[in-house]
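The structure under discussion appears below in the form of structure tokens.
The numbers here are math on the coordinates, done by the rules we state, and not lab data. Keep in mind it's a predicted model, so treat the numbers as computed, not measured. Note that each Cβ is placed from the backbone with ideal geometry, even for glycine, and that neighbours are counted across all protein chains shown.
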Protein chains: 2
Amino acid sequence: MRKFVPHHRKASDRPRRIPGVYVIVLGIDPGVANTGYGVVALDRGRLVALDGGVVETAAGLHAGARLARIHERVGDLLDGYHPDAVAVEDLYFGTNARSAFAVGQARGVVVLAAGQRGIRCASYTPQQVKAAVCGSGRAEKDQVQRMVQTLLALPDLPRPDHAADALAVAICHANGAPLAAAVSA
Amino acid sequence: MRKFVPHHRKASDRPRRIPGVYVIVLGIDPGVANTGYGVVALDRGRLVALDGGVVETAAGLHAGARLARIHERVGDLLDGYHPDAVAVEDLYFGTNARSAFAVGQARGVVVLAAGQRGIRCASYTPQQVKAAVCGSGRAEKDQVQRMVQTLLALPDLPRPDHAADALAVAICHANGAPLAAAVSA
């Protein structure tokens, strides 16, 4: 697993959590070969990256073993960070059926891992994520990466791409749904 | 779960298994709302249905809970029947990306359940299943059901549809791959 740890805090180090004040979101960009993940905390309006990386599975493994690896790692992240929410990147408009089928399988085991812990997943299209992070649904990939870097105050551009995408979907959710939920609670 | 039990034998009742002589295949027709399953034994060239039915999940449940139900039931079938092989229906050519994405998620948790037990899944398109069962990839649904009934010597047409489709994919695999494997072993 490739991993970048911008401001790493172990789960045990994190502050006591006050609902709606300190919110942790796990963002996932699912894929059979590469599943990006990003853990973002929203601390009184300020976004902080807690973790990010990619779960890679070898092409030589059979599909069941690859999916088992993704399911296990996402389970570890859920058990380690106890996120308040999980946000998963949805299908890119224009994806063909064959690749939608493949991505669906990776997404299925991510949503399962959350469901087995009683957590629902929120879903955002790539266009929604770009709009939330960059202000435009048509932003280019490098614009998204620069905005993720800026919003999370990272010293470098977030890499690999799938980790950056996962952080972006986590930011998209952190800046929207949980605040609305906190207001309505 | 809707279930039909044509010649039900509990896992504990089944004969001692001689590889290549008594082969059990679990067939799955995955779907988020309805996942069909069929358990077929090939006993010295004769096909017998051991179990069949549909795992239904309520539309009111969130996706993670629905996938958890499918994953759990398929796990129970794997642990109950210890199939030698799992055969899963592949994508129908012409499926759109959105439904391929949904079916992929259900398929992902099925392949995961098998992978967690070290079992690989074989994959057959609907056309391959029809060709194996009816001799033509263009056979109609009711033709497939009648052939499944005949091949398994069932007293009635197998129902619901998803259970019949799952039995058909199990027959497709039982009549092909395991025999070839037994010959080459």
Residue-by-residue Karplus 3J(HN,Hα) for the stretch B:75-87, coefficients 6.51, -1.76, 1.60, Hz, glycine and proline x: x, 4, 5, 5, 6, x, 9, 6, x, 6, 8, 10, 10
Average beta-carbon neighbours from other chains, 10 Å sphere, peptide B:33-42: 0
Restricting to DSSP loop positions (anything but H, G, I, E, B) with no more than 14 other Cβ atoms inside 10 Å of their own Cβ, which chymotrypsin sites (Phe, Trp or Tyr not before Pro) remain in the stretch A:68-167? A:Tyr92, A:Phe93
Residue by residue through the stretch A:130-143, what is 3J(HN,Hα) from phi via Karplus (6.51 cos²θ - 1.76 cosθ + 1.60, θ = phi - 60°)? Round to whole Hz and write x for glycine and proline. 4, 4, 5, 8, 10, x, 9, x, 9, 4, 7, 4, 6, 5
Cα coordinate range in the stretch B:25-158, projected on the principal axes (Å, largest first): 40, 34, 26
How do the peptides B:48-57, A:142-151, B:148-157 rank, highest first, by the average count of neighbouring beta carbon atoms within 10 Å per residue? B:48-57, A:142-151, B:148-157
Rounded to whole Å, give me the distance from the Cα center of the stretch A:22-58 to that of the stretch B:110-153. 39
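If you take each beta carbon of peptide A:127-134 and count the beta carbons of other chains within 10 angstrom, what is the mean? Write out the running numbers ahead of the final one.
On the way: counts 0, 0, 0, 0, 0, 0, 0, 0.
Other-chain Cβ atoms within 10 Å of each residue's Cβ, averaged: 0.
Rounded to the nearest 20 debye, what is the charge dipole size of the stretch A:75-162 about its Cα centre when +1 sits on each Lys and Arg Cβ and -1 on each Asp and Glu Cβ?
The calculated dipole for the stretch A:75-162 is roughly 260 debye.
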Considering only DSSP states other than H, G, I, E and B, which trypsin sites (Lys or Arg not before Pro) in the stretch B:13-115 qualify as loop sites with at most 10 other Cβ atoms within 10 Å? B:Arg16, B:Arg44
Expressed as a whole number, the average count of other chain Cβ atoms within 10 Å around the Cβ atoms of A:68-80 is 2
